[in-house]
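The values are calculated or read from the model by the stated rules, or taken from the named source; none is laboratory data. Here the structure is a predicted model, which means the values were calculated and not measured. Note that we place each Cβ from the backbone using ideal geometry, even for glycine, and neighbour counts take in every protein chain shown. Only protein heavy atoms, including side chains, enter the accessible area calculation; ligands, DNA and RNA are left aside. Shrake-Rupley method; radii C 1.70, N 1.55, O 1.52, S 1.80 Å.
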Amino acid sequence: MTEEIRGRDDISVAEKRVILADNLVPRRTITTIKRDRDGRNRMFKSAKNLGINPPEALSHKEVEGHIAAQAPNDELYVRVTMPKIQIPWTEERLAKFLTSPIFTGCLSAHRRWKRGKLIIRDATYWVPLIVLTIGSRIEEILLLKCSDIRYRNGDYCFAIGTGPEQPGKRGHSCQCGLVHPFTRAFQKNRMNRV
């Protein structure tokens with residue numbers, strides 16, 4: 001395929017690269033390769049602790065150098081990786097989710113998938129609602145404590161990523177998400193338990 005596209009004289013090199021990128025099979029991203037390398041390194045360290053003499057894992061710099069060395073010296077060379085595509089939920093999917101028995105009422109604590117009159121306001125109920133309203137990650141919400149509900153500028157907010165056990169995705173960054181009016185019941189419920 002590369003030679004066929006290389007032989008075309010009616011398009012520029014940039015256009016040839018775009019056509020190649022559309023037709024090539026996507027490879028694993030550098031991030032995925034590094035993540036796999038880290039997992040392998042942890043296995044090697046565990047094996048070493050058990051008395052086995054495993055090989056040394058390559059460093060990140062060596063991995064990148066190896067990938068760069070494999071690239072041919074060709075103006076048409078392009079490394080295609082799968083893009084991370086995040087598609088927002090459709091209105092229909094969101095409506096179906098929010099009208100599920102978890103939010104509208106279920107039969108019992110052990111039959112939450114069947115419709116009924118019982119609404120159980122636990123993490124299964126509150127976490128998705130909080131994530132939907134402030135746009136945080138599920139892990140960040142699951143790590144919240146009562147002390148992470150703060151009063152700032154006349155509004156209640158969730159202080160996300162403020163503790164050592166809440167690193168989040170960006171290391172030591174922290175953010176503050178406003179408590180939506182419908183989650184005030186969650187806040188009152190949690191504060192009454194303390």
- When (1) within 26 Å of residue 78 (Cα to Cα); (2) open to solvent by less than 80 Å² (accessible area, probe 1.4 Å) are applied to residue 31, the one that fails is (2)
- Task: Any residue in segment 69-86 that's under 14 Å from residue 29 (Cα atoms) and open to solvent by 100 Å² or more (accessible area, probe 1.4 Å): show its pairings with residues that are at pLDDT 75 or above and in a loop (DSSP other than H, G, I, E, B) at Cβ separation under 9 Å, as long as the two are six or more apart or on different chains.
- Result: 82/26; 82/28; 82/29; 84/29
- Query: Do you know which residues across segment 35-67 are surrounded by fewer than 12 Cβ atoms within 10 Å (Cβ to Cβ) and not in a helix (DSSP H, G or I)?
  - Reply: 50, 51, 52, 53, 55, 56, 59
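Criterion first (surrounded by fewer than 15 Cβ atoms within 10 Å (Cβ to Cβ), at pLDDT below 80 and out of contact with any Asp or Glu (no Cβ under 6 Å at 6 or more places or on another chain)) does residue 173 satisfy it? Steps first, answer last, please.
Details: surrounded by fewer than 15 Cβ atoms within 10 Å (Cβ to Cβ): yes; at pLDDT below 80: yes; out of contact with any Asp or Glu (no Cβ under 6 Å at 6 or more places or on another chain): yes.
Judged against the criteria, residue 173 is a match.
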- Query: Of the residues 52, 87, which single one is within 30 Å of residue 132 (Cβ to Cβ) and at pLDDT below 90?
  - Reply: 87
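In segment 7-28, which residue that is open to solvent by 80 Å² or more (accessible area, probe 1.4 Å) and part of a loop (DSSP other than H, G, I, E, B) is modelled with the lowest pLDDT? Talk me through it step by step, then tell me what you get.
Just the residues of segment 7-28 that are open to solvent by 80 Å² or more (accessible area, probe 1.4 Å), to begin with: 8-10, 15, 17-18, 22-23, 25, 27-28.
The next check asks that each one be part of a loop (DSSP other than H, G, I, E, B); those that pass are 8-10, 25, 28.
Numbers: 8: 83, 9: 81, 10: 85, 25: 75, 28: 82.
The extreme case among them is 25.
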- Message: If the requirement is being under 29 Å from residue 14 (Cβ atoms), among the hydrophobic types (A, V, I, L, M, F, W, C) and under 29 Å from the mean Cα position of the chain (by Cα), which of these qualifies: 87, 102?
- Response: 87
- Going through segment 104-131 one residue at a time, which ones are open to solvent by less than 90 Å² (accessible area, probe 1.4 Å) and touching a residue at least 24 places away in the same chain (Cβ under 8 Å)? 126, 128, 129, 130
- Please find, among 81, 124, 99, 90, the residue that is within 30 Å of residue 20 (Cα to Cα) and of a type outside the set (A, V, I, L, M). 81
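From the list 95, 109, exactly one residue is at pLDDT 80 or above and under 24 Å from residue 142 (Cβ atoms). Which is it? Can you show your working first?
Values: 95 fails: under 24 Å from residue 142 (Cβ atoms).
Among 95, 109, only 109 is at pLDDT 80 or above and under 24 Å from residue 142 (Cβ atoms).
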